[in-house]
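Colleague: The structure's right below; bear with me while I get my questions together.
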Amino acid sequence: MNVSLAAASERLMARNDELERRLDTYFNVRMRVNWLKDLIRRHREMMANADLRDDDELLALVEARIEGEDIPLPPEFGVKDVAELVGVPQSRITDLYKKKTVYHSLDKYLDFLRLMRALRLLREHPTYSIEAIAHDAGFTTVRTLNRKIQDALGVTPGEFRVMNNPD
């Protein structure tokens, strides 16, 4: 009886190992399928928007996505991210900003948006530290924020805050 119980136990353990292997395979396949579905969806969106010939329409779409949805603009956010956001090739975004905007590059546009966010945060949150505002607006350092505000307005972030929050 002990022999048959041991044999049955071994069969169950082997079966359990087989089921565990199949389950791992199933989850691995599901993960790949979901990844491929997402890739296909992004490709379809990119193809649907790739022939946007009207630069103004594409520019409006970019601005609506970035500004309208208040997308975070960390320092590493750039051409690749914007291209994925609107579903067009990176070269299309680069050319668009070079030819059709006063910024002449996407980076300058993103810096402008970061500056506007920093100024808004300085006005709306007088207790936030300048460092926190620089980080929240997407600047790499406080020094960069100071320089951008100095260049644009001729005042420091602290002076701007005092001018806009006299209390």
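Colleague: Rounded to the nearest percent, how much of the accessible area of the chain (1.4 Å probe, protein heavy atoms only) is carbon and sulfur?
Modeller: Answer for the chain: carbon and sulfur cover 56 percent of the accessible area.
Colleague: If you don't mind, another one. Using Cα-Cα distances under 8 Å and only pairs 6 or more residues apart, what relative contact order does segment 16-167 have, in percent?
Modeller: Dividing the mean separation by the residue count of segment 16-167 yields 17 percent.
Colleague: Let me ask something additional. Between residue 54 and residue 151, with labels modelled 7 Å along Cα→Cβ, what's the label distance in nm to one decimal, could you check?
Modeller: Result for the modelled spin labels: 3.4 nm.
Colleague: Shifting gears a bit: Of all chymotrypsin sites (Phe, Trp or Tyr not before Pro) in segment 31-134, which ones are in loop regions per DSSP and have a Cβ with at most 15 other Cβ atoms within 10 Å?
Modeller: Taking segment 31-134 and a limit of 15 other Cβ atoms within 10 Å, the loop chymotrypsin sites (Phe, Trp or Tyr not before Pro) found are 103, 128.
Colleague: Give the lysines whose C-alpha is closer than 24 Å to that of residue 108, dropping any in the same chain fewer than 8 places away, or say none.
Modeller: 80, 98, 99, 100, 148
Colleague: For segment 20-116, take the alpha-carbon Rg, divide it by the Kirkwood Rh, and send me Rg/Rh.
Modeller: Result: Rg/Rh = 1.14.
Colleague: Kindly provide the GluC sites (Glu not before Pro) of segment 63-167 that DSSP labels as loop, not H, G, I, E or B, and whose Cβ sees at most 15 other Cβ atoms within 10 Å.
Modeller: Passing both the DSSP loop test and the Cβ count: 69, 76.
Colleague: Which whole-number value in Å² is the accessible area per residue of segment 69-167, probe 1.4 Å?
Modeller: I get 58 Å² per residue for this part.
Colleague: Of the listed values (1) 1.74; (2) 0.96; (3) 1.22, identify the label whose number matches Cα Rg over 2.2 N^0.38 Å calculated from this model.
Modeller: Here Cα Rg over 2.2 N^0.38 Å agrees with entry (1).
Colleague: Same structure, new question: Keeping all protein chains in the complex and leaving out DNA, RNA and ligands, what accessible area do you get for residue 135 with a 1.4 Å probe, in Å² to the nearest 10?
Modeller: 140
The values are calculated or read from the model by the stated rules, or taken from the named source; none is laboratory data. The shown structure was predicted, so the numbers you read here are calculated from the model rather than taken from an experiment. In this analysis, Cβ positions are derived from the backbone assuming ideal geometry, glycine residues included, and neighbour counts consider all displayed protein chains. The area values use the complete protein model at the heavy-atom level, side chains included, leaving out ligands, DNA and RNA. Shrake-Rupley method; radii C 1.70, N 1.55, O 1.52, S 1.80 Å.
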